[in-house]
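What follows draws every value from the coordinates through simple rules; no lab data is involved. Just so you know, these numbers come straight off a predicted model, no measurement behind them. Because the Cβ atoms are built from the backbone with ideal geometry, glycine has one as well, and the counts that use them run over all protein chains shown.
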Amino acid sequence: MNFFFYDGPIWVALPTFVLLFLAFSWAILLAVRPWVKRVSANHEEWDRVLGYAMQSYGIFYGILLALIAVSVYENFQRVSGVVLDEASSLGTLYRAVSSYPPPVGPDLQEQLRLYTQNVISVDWPLQGRDIIPAAGNAQVDSIQSILFTYEPATTGGQALHNQTVGLFFDFIEARRARLDETKLALPPLLWVLVAVGAALNALMLALVEARNLRVHLIMSGLIAVFVALLIFVTAAMDHPYSGFVSVPPEPFQNLLEQTMKP
């Protein structure tokens, strides 16, 4: 992971990131300001040319941040849907196997219950560290073994069994979709572009010829804080399973508490 705040509480990470970003922007301003005062003193075109440049740059950088934020949010929503789909298919499969005679039905329900507990306690912490979990494979293999070796004695039982096998394959597909999204994130090159753009944004604000230092700091600071907040929120959602803005295992917890009670 590329951002320190994935491992800390938001009430620490957010102010820290914003203050560091603001300090970086002001450092550029204070470093460039003496040169700007010397260069712009006898040049009437300075503000006009700089205004055109800032307007064009603001449009391009604003569009870039907006597209990245939308892309990250769409990824986050897609992962939420994938998690909900797996929990839903798991619950449907659990109800279907409840019609099986003992010991097949109770054994299948127990394996599905163990799998759900494993998703919550093992898979989720691993996916939060961008590690694709494999601990649930044992439960899946056990479910498949019990299901595929069972031979119904009646025509109605065979119809139910065929439908349950189809539900099992739906569950396997949903599980694979969840695991495939474990390392979902924006390419590092895009984050490099965002960082370079943030530095150029601070430089553009520093090039403004403002005689009053306090006014200059306040103006640039307000813009820097907003840009920092936008970057922070986008980065916080970039890894859907990690950090304080993440997809929770709540659908599995609800399934375990409401449907899979022994």
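Remarks
- Residue-count net charge about Arg78 - beta-carbon cut-off 12 Å; Lys, Arg +1, Asp, Glu -1: -3
- Tilt relative to the chain, helix 46-97 - C-alpha long axis, 0 to 90 degrees, to 10: 10 degrees
- Each stretch of four or more DSSP H residues adds -39500 (n - 2.57); spread over every residue of the chain, this sum gives -26000 deg cm²/dmol at 222 nm.
- Point-charge dipole on Cβ atoms (K/R +1, D/E -1) for the chain, about Cα centre, debye to 20: 1000 debye
- Each part gets one Cα centre, and for region 35-80 versus region 194-216 those centres are 11 Å apart.
- Cα centroid of region 240-262 to Cα centroid of region 84-121, whole Å: 15 Å
- Cα long-axis angle, helix 10-40 against the chain (0 to 90 degrees, to the nearest 10): 30 degrees
- A simple spin-label model places pseudo-atoms 7 Å from Cα toward Cβ; at Trp46 and Leu200 they are separated by 2.3 nm.
- Selection among Ser98, Trp46, Thr116 by position relative to the dipole of the chain gives Trp46 as farthest towards the positive end (Cβ unit charges, Cα centre).
- Spin-label model, Tyr73 to Val122: label points 7 Å out along the Cα-to-beta-carbon direction sit 3.7 nm apart.
- Label separation (Arg38 vs Asn254): 6.5 nm, computed from points 7 Å beyond Cα along the C-beta direction.
- Loop-located chymotrypsin sites (Phe, Trp or Tyr not before Pro) in region 170-262 (DSSP state not H, G, I, E or B) with no more than 12 neighbouring Cβ atoms inside 10 Å do not occur.
- Within the chain, longest stretch clear of exposed GluC sites (Glu not before Pro) (DSSP loop, no more than 14 other Cβ within 10 Å): 46-262
- Taking Cα atoms only, the orientation of helix 104-118 departs from the longest principal axis of the chain by about 20 degrees.
- Charge-dipole axis of region 4-258 as Lys and Arg at +1 and Asp and Glu at -1 on Cβ define it, positive-most pick from Ile131, Leu213, Ala174: Leu213
- Computed FRET value (nearest 0.05) for Ser145 with Ser99, which takes r as the C-beta separation and R₀ as 30 Å: 0.95
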